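> Quick one: the structure is below, questions incoming.
The values are calculated or read from the model by the stated rules, or taken from the named source; none is laboratory data. Note that the coordinates shown come from a computational prediction; the quantities given were computed from them, not determined experimentally. As a convention, Cβ positions derive from the backbone with ideal geometry for all residues, glycine included, and neighbour counts pool all protein chains shown. Each accessible area value is taken on the protein alone, full model and side chains, heavy atoms only, with ligands, DNA and RNA left out. Shrake-Rupley method; radii C 1.70, N 1.55, O 1.52, S 1.80 Å.
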Amino acid sequence: LTAFQQTPVHSSDWDQCLAHFRRHHLSHGIGWQDCLIAAAAIRLQLPVATLNDKHFRPISNRKVLRPY
């Protein structure tokens, strides 16, 4: 993983994470980890690369890329 740039999580990411989690956990089964990834990606204006895009569908303002 040394080839990848690490980005610290901000307190605003946690706030957004909890908001997404409260809104979508029961209806879509999304976990807090995916909510945190989405919150950081939104703040950084980066897409999320994942094979499990169904967890990111209910979160607006994000772009999901399937790596293959």
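> So what does R43 come to for accessible area, using a 1.4 Å probe and Å² rounded to 10?
80
> Another question, if that's okay. When the accessible area of the chain is split by element with a 1.4 Å probe, what percent falls to carbon and sulfur? Can you show the working numbers first?
On the way: 2880 of 5130 Å².
Carbon-and-sulfur percentage of accessible area, whole number: 56.
> Kirkwood Rh and Cα-based Rg: tell me the resulting Rg over Rh for the chain, rounded to two decimals.
0.96
> Please calculate how many Å² of accessible area the chain carries per residue, with a 1.4 Å probe and no DNA, RNA or ligand atoms counted.
Numbers: 5130 Å² over 68 residues.
Here the per-residue accessible area is 75 Å².
> Figure the gain on full extension for K63 and S11 (residue separation times 0.36 nm, minus the Cα-Cα span) and round it to one decimal in nm.
Working: separation 52, 0.36 × 52 = 18.72 nm, distance 2.17 nm.
Length gained between K63 and S11: 16.5 nm.
> Charges at C-beta only: +1 for Lys and Arg, -1 for Asp and Glu. How large is the resulting dipole of the chain about its Cα centre, in Debye rounded to 20?
Values: 8 positive and 4 negative charges, 47 e Å.
It comes to approximately 220 debye.
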